Amino acid sequence: MPFAVADSLVARGISPVLFALRGACDPAGVQRFRHHWISVGQLGRATRLFRSENCRDLVFIGTLVRPALSEIRLDWGTLRVLGRVLAAFRGGDDHLLSGIGGILEQDGFRMVGIKDVAPDLLMPEGCLTRITPDRNASADIALGREVLSALGPYDVGQAVIVIDGHVIGVEDIEGTDGLLARVARLRSEGRIRAETRRGVLVKAPKRGQDLRFDLPTVGVRTVEGASGAGLAGIAIAAGNAIVAEPQAMIEAADAAGVFVIGLSA
């Protein structure tokens with residue numbers, strides 16, 4: 001996703017600079033763009049590099065396994081705001097990202113989101129595939145949206161799987177891919193008796209989430225996981241979620257017989 005965002009900016013005549021986190025970013029992809037490497041915890045080094053590149057607008061994009069505090073390489077810039085960093089770690093992912101974003105904003109930077117810099121990557125409204133949700137799938141989507149709305153204040157996850165009116169699984173620290181793999185395993189163990197091609201993966205931002213950070217994302221891998229879990233389809237919030245390689249995702253979904261639909265607000 002970081003490279004898709006960078007490509008979107010380049011296509012509009014904007015020159016991006018990537019500040020890649022060591023151990024979390026693909027070196028081959030980074031080489032295509034002007035870039036600098038930083039380590040988690042190096043807020044001081046990061047802000048110096050931002051200023052040296054005349055970067056005022058910053059966007060957080062990509063995935064990162066939350067490190068233990070003992071694994072963070074603290075520099076003076078981080079120690080200066082250590083109390084706020086510690087407070088940011090005491091909560092879910094949205095709380096963490098918003099906390100770090102707030103620290104950077106106090107240093108004079110502006111945090112922006114995908115909706116601001118690469119709107120072409122956002123999920124459109126409506127069904128993208130040949131197959132569309134039937135009445136059972138539509139009911140599962142409605143229940144999934146209710147569940148995510150209820151869980152939002154707890155900053156738990158952005159995805160839920162509902163099969164025939166039963167909540168089968170909620171996304172946690174393992175992420176959406178892990179959730180789909182778990183449901184596939186439960187099917188193989190006979191714990192889920194519903195027929196295949198039943199049920200829906202529903203993804204949406206958490207209620208009250210800062211939409212500049214950590215938007216839900218779907219792509220080919222999501223389709224493969226949903227198919228492997230025996231689901232009928234994927235429903236994702238339109239306008240507030242990211243689609244990675246949309247054409248490849250649609251082709252994969254049509255081949256697998258899985259629908260993908262963008263939900264209105």
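A few points about this structure:
- Among all residues of the stretch 79-93, there is none that is exposed (fewer than 15 other Cβ atoms within 10 Å of the Cβ) and modelled with pLDDT of 90 or more.
- Of all the criteria given as (1) within 30 Å of S8 (Cβ to Cβ); (2) within 21 Å of the chain's Cα centre (by Cα); (3) assigned to a loop (DSSP other than H, G, I, E, B), the one not satisfied by I131 is (2).
- Residues in the stretch 219-248 that are touching a residue at least 60 places away in the same chain (Cβ under 8 Å) and crowded, with 21+ Cβ neighbours inside 10 Å: A229, L231, A232, G233, A235, I236, A237, N240, A241, I242, V243.
- If only residues of the stretch 191-207 that are of a type in the set (G, A, S) and touching a Lys or Arg at 6+ places or on another chain (Cβ under 9 Å) are counted, the one that is surrounded by the most Cβ atoms within 10 Å (Cβ to Cβ) is A204.
- Condition check for I192: in the same structural domain as S149 (by TED's automatic domain parsing), among the β-branched types (V, I, T) and either part of a loop (DSSP other than H, G, I, E, B) or at pLDDT below 95 (or both): yes
- Pair list, Cβ < 8 Å and 6+ apart or interchain, from the stretch 30-56 residues that are in contact (Cβ under 8 Å) with a residue 24 or more places away in the chain to residues that are surrounded by fewer than 15 Cβ atoms within 10 Å (Cβ to Cβ) and part of a helix (DSSP H, G or I): V40/E71; G44/W76
The values are calculated or read from the model by the stated rules, or taken from the named source; none is laboratory data. These numbers were taken from a predicted model, which means no experiment stands behind them. Please note: Cβ atoms are built from the backbone with ideal geometry, for glycine as well, and neighbour counts cover all protein chains shown.
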